[in-house]
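Read-outs: derived from the displayed coordinates by stated rules, not from any lab. For clarity, every value in this text was computed on a predicted model and none was experimentally measured. Every residue, glycine as well, gets a Cβ built from its backbone with ideal geometry; the counts of neighbours run over all protein chains shown.
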Amino acid sequence: THWSCFCPALSQTYWAQYCNFPHASRAIISDIDGKLLWGAKGEWTGDAKDLLAISKSSAGSSCSIGNVNFGSLSSVGDTLVAKGSAEVVVVKRSLKVFLVGIGAKSMTDKLLDEVSKFGESLRQGGY
């Protein structure tokens with residue numbers, strides 16, 4: 001599924017920089033309700049149902065994106081992490097948006113650090 005991105009004030013290219021995590025093969029930034037994808041890195045394989053589920057997820061929730069089941073999310077500080085067979089997903093909520101990064105399991109710590117820092121930067125900026 002290919003998503004179109006729309007944020008009235010800024011372009012998809014602008015928002016994509018906030019999910020351009022070096023250790024992610026795929027990533028997105030979405031509004032906090034999971035109704036609108038603002039920007040993406042790589043090919044996002046999730047659909048509207050996945051986005052909505054991620055927006056409402058918490059520690060212990062099951063996480064699936066596209067055809068990949070990552071298992072249960074666990075908390076690492078105020079960030080959520082779940083590991084699939086080969087990849088990891090990292091979810092960070094801010095005030096108005098949330099970030100999702102997906103990358104190789106071997107890069108879990110680096111991806112967790114990147115998503116957390118980008119998310120904190122957005123929170124400080126009021127997003």
Under 22 Å between C-alpha atoms is the cut-off here; go through region 24-127 and count lysine pairs that meet it, provided they're at least eight residues apart or on different chains.
28
Once label points are set 7 Å from the Cα along Cα→Cβ at both Glu43 and Lys56, what is their separation, rounded to one decimal in nm?
2.9 nm
Give me the percent of Cα-Cα pairs in the chain that sit more than 17 Å apart, rounded to a whole number.
50 percent
Give the dimensionless ratio obtained when the Cα radius of gyration of region 11-84 is divided by 2.2 N^0.38 Å.
1.07
Alpha-carbon centroid distance for the pair region 33-50 / region 67-95, whole angstrom:
15 Å
Val68 label point, 7 Å along Cα→Cβ, cut-off 14 Å on backbone N: hits in region 102-124?
102-108, 111-112
